[in-house]
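Working notes, structure below.
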Amino acid sequence: MTEVTEKLTPAKVEAPGGAYVSDPERATIVMGGSEWDGAPQIPGTKLIYHALYDRTDGQATIAEVTFPAGQRPWFHIHHGEDEAFYVVEGQLTVTVIDHEGVRHKMVANAGEMVWGPKDYAHSYHVTSDGPTRTIIVLTPGNTLPAYFQYYQNLELDPNDPVAVAAFVEEARERYNLEFLPHLSLDD
């Protein structure tokens, strides 16, 4: 884990003991870059970081994430953290692949949550007609949100195997995040 020397989560108000009110205006990024089905950096997605690991003593990262309709990234594996998707609005279908290669599809509607354990390949698909707004919690908290800042405007040709392989290797080395672009997103 990268050592943190300053606060990363913007706050509007701070109080003793580490209490604070998050500052969404200074903690929001919108993903850009190449737009194609299965893009690894989820273009058009709006992320608001409410608590990074610096505010939770490394215990959690909490973000409000709004995905555009139809969004679905490559299958990937988080090797350092579990991931929870609490759906506030819309519908999110999360597919987890077990260690035998069987796909398990879970549909979550507003008011429901999907828990994604680390070390299992998964992807999600926004299956509502409009955007889906979620609260995502990563535990333990870590530097993974830096992935989204680093790749915010990634331009990657999915038909260029050399560029794809370089991206996959860099994401694994930097963020302990393993992308599996060879796995079909379709059933």
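The values are calculated or read from the model by the stated rules, or taken from the named source; none is laboratory data. The structure presented is a predicted model; accordingly, all values stated were derived computationally and were not measured. Backbone-built Cβ (ideal geometry, glycine too); neighbour counts: all protein chains shown. Just the protein is used for accessible areas: all its heavy atoms, side chains included, with ligands, DNA and RNA removed. Shrake-Rupley method; radii C 1.70, N 1.55, O 1.52, S 1.80 Å.
Looking at segment 1-107, which trypsin sites (Lys or Arg not before Pro) are in a loop (DSSP not H, G, I, E or B) and have at most 13 other Cβ atoms within 10 Å?
When the trypsin sites (Lys or Arg not before Pro) of segment 1-107 are filtered for loop state and at most 13 Cβ neighbours within 10 Å, K7 remain.
Given contacts defined as C-alpha pairs under 8 Å and at least six residues apart, what's the relative contact order of segment 79-187, whole-number percent?
Numbers: 171 pairs, mean separation 31.6, N = 109.
Averaging sequence separation for qualifying contacts and normalising by length gives 29 percent for segment 79-187.
Which percent of the accessible area of the chain is formed by carbon and sulfur heavy atoms (probe 1.4 angstrom)?
Carbon with sulfur: 51 percent of the solvent-accessible area.
Calculate, for the chain, the solvent-accessible area per residue in square angstrom, rolling a 1.4 angstrom probe over the heavy atoms of the protein chains.
Normalised by residue count, the accessible surface of the chain is 50 Å².
In nm, give the distance between the simple-model label positions of D82 and V30, each being 7 Å from the Cα along the Cα-to-Cβ direction.
Output for this residue pair reads 3.4 nm.
What figure in square angstrom, to the nearest 10, would you give for the accessible area of I136 with a 1.4 Å probe?
Roughly 20 Å² of I136 is accessible to a 1.4 Å probe.
For every helix of n ≥ 4 consecutive DSSP H residues, a contribution of -39,500 (n - 2.57) applies; sum these over the chain, divide by its total residues, and give [θ] at 222 nm rounded to the nearest 500 deg cm²/dmol.
Mean residue ellipticity, 222 nm, calculated: -3500 deg cm²/dmol.
Quick check: with the 1.4 Å probe, what order do D157, D54, D129 take by accessible area, largest first? The partial results should precede the final answer.
Details: D157 80, D54 30, D129 160 Å².
So, going from the largest accessible area down, we get D129, D157, D54.
Rank these residues by their accessible area, most exposed first, probe 1.4 Å: W74, W115.
W115, W74
With contacts defined as alpha carbon pairs under 8 Å and 6 or more residues apart, what's the relative contact order of the chain in percent?
Contact order relative to length: 24 percent.
Ignoring GluC sites (Glu not before Pro) that are buried or in helix or strand per DSSP, and keeping those with at most 15 other beta carbon atoms within 10 Å, what is the longest stretch of the chain between them? Before the final figure, lay out each step's value.
Values: sites that count: E3, E6, E35, E100, E112, E155.
No qualifying site falls inside 36-99, the longest such stretch.
Please list M113, M106 in order of solvent-accessible area, largest first, computed with a 1.4 Å probe with all protein chains present. The partial results should precede the final answer.
Values: M113 110, M106 70 Å².
My answer, sorted largest first, is M113, M106.
Taking the Cα atoms only, what angle lies between the long axis of helix 161-175 and the longest principal axis of the chain, rounded to 10 degrees?
Approximately 30 degrees, to the nearest 10.
May I ask you to work out the translational diffusion coefficient for the chain at 37 °C, viscosity 0.692 mPa s, via Stokes-Einstein with Rh from the Kirkwood sum over Cα pairs, reported in whole µm²/s? Don't skip to the end; give the middle numbers.
Working: Rh = 17.0 Å.
Here the translational diffusion coefficient equals 193 µm²/s.
Report the label-to-label distance for M106 and Y120 in nanometres (one decimal), using points 7 Å from each Cα along the Cα→Cβ vector.
Placing both labels 7 Å beyond Cα along the Cβ direction yields 0.6 nm.
For T132, tell me the accessible area in Å² from a 1.4 Å probe, rounded to the nearest 10.
0 Å²
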